[in-house]
Amino acid sequence: MAGELNWAGNYTYRAATIERPDTRERLQEVVSGATHARALGTRHSFNALADSSDDGTLIALNAMPPRIEIDEAARTVTVGGGQRYGDVAIALAARGWALHNLASLPHISVAGAVATGTHGSGDGNGNLATAVTALELVRADGELVMLRRGDDDFAGAVVSLGALGVVTAVTLEIQPAFEIAQTVYLDLPWQSALEHFDEVTSLGYSVSLFTDWGADAVSQVWVKSRTGVAGSAAPASALFEAKAASESVHMLPTMSPVNCTAQLGVAGPWHERLPHFRLEFTPSNGEEIQSEYLVPRERAVEAIEALRGVAEQVRPVLQVTEIRTMAGDDLWLSEAYGRDTVGLHFTWVRDQAAVEAALVHVEAALEPFGARPHWGKVFLDRDGRVAGRYPRIGEFRALAERYDPRGVFRNAFLERHVVGG
């Protein structure tokens, strides 16, 4: 396993071996016999979060039997932790059901996305982890544990960064299937975007703003609107000074829109519109590095203005920035814990050293706003302040010690940024 790369090609795994158990019993044997181990999802982490030590083992769940168990009375679905969101969504849609939201990429695993607080967008939508009602995981001693919403440990275990064990199954809330129409607006002046920020982000069920920080306008605003519900209206032809695109676009001007989800206000199934990218195509650009910083909703406009002030340091290595919103939650290590949140997401060129140099300026600009970096993306945290931005970090550390007293699931990333050395 050592020497293999993550999806983006910017991180090389150190772990010596990889195991692909095909039964839960085999998984329990692997975990209980390991000195060091980490769960490996679809390799969409851009940092060392999913890696283990040089003598460690990575555990992939893609050989486990798939699970799609719908409980219509409870309005839940139980799925295997290693399954991809896009595959789960297709199965749900075929039965007339939906999840409340999806991330930009449908290619990511359920357990990995949940464990890192990955999110879609929408003023009233919590991140993907907020749909979780139960978790099944294998602890370091090989024991299978089931946690349900309302249990004492539940809120600490959902977004757990893999520190508690290997998640074998996740139960998610579902709702009746719905349709989304996606409209893209071009060149919204910054003045309008900032003066009317709340109005812009409330225009649809999910809204994303894209910018390269180099113009007087936000280059694109993607508005995903639910259709057929009370109060829904046809997409407008203009958003303040921004005009609706007359042809499909990619958020990166040099890329073809063929791998993006359908636009132009044409309604379609929720799972074919909520992500930005289609499951059957290579997501995004591929050769890239990603970072994201999440700030309190009430400080978002100030944070955006601060980033505009470091545009000269950011733009040379930037492909695009996406700005999205999400509702607050009560999950201890969720980036949206305790506050409605705005995500400031950076898609960089694949040059690690240059990106880290730019992040010095980004993190300095965002320091006054208590920004929480996305756990699975590239960030610096040179002063070790990130953990302190989570009010319940002490309780999480105690939870991790109780579930994993041998430190099987600890790695250098967790010791530096989360649990301490």
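A short reminder: the numbers here are calculations on the coordinates, not readings from a lab. Values in this document were obtained by computation on a predicted structure and should not be read as measured data. Neighbour counts are summed over all protein chains in view; Cβ atoms, including those assigned to glycine, are modelled from backbone coordinates with ideal geometry.
What to note about this one:
- Label point 7 Å beyond Cα of residue 145 along Cβ direction - residues of the range 378-394 with amide nitrogen under 19 Å: 392-394
- Taking the range 14-105 and dividing mean pair separation by its residue count, relative contact order in percent (alpha carbons under 8 Å, at least six apart): 27 percent
- Across the chain, Cα pairs under 8 Å and at least six residues apart give a relative contact order of 18 percent.
- Distance between the pseudo-spin-label points of residue 18 and residue 152 (7 Å out from Cα toward the beta carbon): 3.9 nm.
- Computed from point charges on the beta carbon alone (+1 for Lys and Arg, -1 for Asp and Glu), the dipole magnitude for the chain about its Cα centre is near 420 Debye.
- Cα-centre dipole for the range 288-401 with unit charges at Cβ (Lys and Arg positive, Asp and Glu negative), debye to 20: 20 debye
- Stretching residue 53 away from residue 237 to a fully extended chain increases their span by 60.8 nm, per 0.36 nm per residue minus the current alpha-carbon distance.
- Net +/- balance of residues flanking residue 194 in space, Cβ distance below 10 Å, scoring K and R +1, D and E -1: -2
- Between helix 393-403 and the chain there is an angle of about 40 degrees, using the helix long axis and the longest principal axis of the Cα atoms.
- Angle in degrees between helix 85-94 and the longest Cα principal axis of the chain, rounded to the nearest 10: 70 degrees
- Centre separation in Å (Cα based) which lies between the range 267-329 and the range 174-207: 13 Å
- For the range 58-132 versus the range 364-421, the gap between their alpha-carbon centres in whole angstrom: 25 Å
- Shape call, the range 325-421: gyration tensor on alpha carbons, a/c limit 1.5: oblate
- Calculated [222 nm] ellipticity per residue, helices only, for the chain: -5500 deg cm²/dmol; basis is -39500 (n - 2.57) per DSSP H run with n ≥ 4, divided by all residues, nearest 500.
- About its Cα centre, the range 68-177 has a charge dipole of approximately 280 debye under the convention of +1 per Lys or Arg Cβ and -1 per Asp or Glu Cβ, with nothing else charged.
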